[in-house]
Structure formats: structure tokens, C-alpha cells
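Have a look at the structure below before the remarks.
The values are calculated or read from the model by the stated rules, or taken from the named source; none is laboratory data. Since the structure is predicted, the reported quantities are computational estimates derived from the model, not experimental observations. Note that each Cβ is placed from the backbone with ideal geometry, even for glycine, and that neighbours are counted across all protein chains shown. Areas reflect the complete protein model, heavy atoms only, side chains present, ligands, DNA and RNA absent. Shrake-Rupley method; radii C 1.70, N 1.55, O 1.52, S 1.80 Å.
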Amino acid sequence: MEAARAAFAEEGLAVTLDEIARRAGVGVGTVYRRFADKEELIDALFEDRMTEFAHIAEGCLKAEDPWSGLVRFLELATEQHACDRGFKEVALSGVHGLERVARARQLMFPLVSRLVARAQADGSLRPDLEPTDVPLLQLMVGALSECTRDVDPEVWRRFLGIVTDGLATRRDGPSTLKRAALDPEQTQSTMRAWRPGAR
């Protein structure tokens, strides 16, 4: 499981069971004795990951300051997307484990809704943000993290800071961004890395 998690995180879901077995130091037959196929392994890992996400959200709901709790959740959740290609592919896919993805979204939506409601109730979050906006904001910043992976794998934090500034209803001034801007050459490399999705 640990070898599969690392392989999927680094290379995405195209990794073969042979490669996972090699990384784990076992024969591929050992993998097949535990999992009937790769989809079953992907589902098991995804369930573990969604449980971790739920724990993150629950922890952020305990934050004394609702705005800090929401921003912390956005940061931790986006970090998971940024560092785990396989998880991102499953979570945003219409192909892998549809029932499990649907159950995971049912698990997360109430938690995200509560994070949003708390921050709106104390006036720190713009009142027109909907809970359904949150995964799309993560998708937006996550897509950027994929393009910048080889240029600056942490630059997504800069853009998440810009996004959260736009979500806040009040602030004395712009927040301090956690990463420097890409230089012109890095920006060009990032733009070359972008690939349009299939329609």
C-alpha cells in the first residue's frame, strides 16, 4: 500500500502493478493476492486518503477563528492535491471508482459546508461564496500546481494566497504571499507545460 501510494503520488494512475510490486520489493503475484486488479488498489488508497481529508476538515472546524480554520483547510487540502497526482486524478475523474468518489463527496460536502457557514456567520468570508465553489477553487489551484511541478512545486501557495485574499470580506491590506512570483523564463516553462484537457 505504501509503495502504491508513493508511486501513484509521483507518477499518477498510469503506474503498473508490476512497477508497484518492484517498488515494494515483492513479486506481482503478491499484489494480486491482496487486490484483484489495479482499480481495487486505487479504491483502497482513495478511501484512506478521503478519511485523511475528513480528519483535516474536522480539525479545521475546531479552530477558534472560523476564517483561520477555512484558510487552513484550503491550504492543507490543496497541498494534498499538489503532491499527489494519483489522488487528484481519482478525485476529479469520472472514470475511477465512481461510487467511491460519490461517497467521498457526500462525506466531504457537509464538512466543507460547515467551514464555509462558520466563516460567513462571523463576517470574515464573502457571503456569496457557496460550498460548491470550494472544490472548483481547489481544482483551479491544483491545475496550476501540475503545470508548475517542475518549475517551482510550491508556487501554488502564492496563488492560493491571492485567492483567499479575494474571499475575505475585510483586511487591512493584502496578505503576505508565501512564495515569490515566477520569473519570465519559469512562466514560459509553466505555460509550455499546460495541456488542454480532452473534451
Item checked: Residue that is nearest to Gly12 (Cα to Cα), among those in segment 131-143 that are touching a residue at least 40 places away in the same chain (Cβ under 8 Å) and open to solvent by less than 70 Å² (accessible area, probe 1.4 Å) -> Gly142
Next item on the list: Kindly provide the set of residues from segment 45-67 that are within 19 Å of Glu11 (Cβ to Cβ) and either loosely packed, with under 15 Cβ neighbours inside 10 Å or of a type in the set (D, E, K, R) (or both), ordered by number.
Entry: Asp48, Arg49
Note to self: Can you pull out every residue in segment 7-29 that is without any contact (Cβ under 8 Å) to a residue 60 or more places away in the chain, open to solvent by 40 Å² or more (accessible area, probe 1.4 Å) and in a helix (DSSP H, G or I)?
What the structure shows: Asp18, Glu19, Arg22, Arg23, Ala24, Val28
Next item on the list: Just need a number here: residues in segment 120-130 that are closer than 15 Å to Val163 by Cα and either surrounded by fewer than 16 Cβ atoms within 10 Å (Cβ to Cβ) or in contact with a Gly (Cβ under 8 Å, 6 or more places away or on another chain) (or both).
Entry: 3
Notebook entry, point to check: Are any residues in segment 1-59 of a type in the set (Lys, Arg) and under 27 Å from Val112 (Cα atoms), and if so, which ones?
Noted result: Arg5, Arg49
Margin query: Checking the conditions here, which among Arg157, Arg179, Arg192 is open to solvent by less than 50 Å² (accessible area, probe 1.4 Å), under 26 Å from Gly12 (Cβ atoms) and basic (Lys, Arg)?
Written below: Arg157
Check: If you scan segment 13-38, which residues turn out to be within 20 Å of Lys88 (Cβ to Cβ) and among the small types (Gly, Ala, Ser)?
Finding: Ala14
Checklist line | Residue within segment 35-55 that is of a type in the set (Phe, Trp, Tyr), in contact with a His (Cβ under 8 Å, 6 or more places away or on another chain) and in a helix (DSSP H, G or I) present | finding: yes
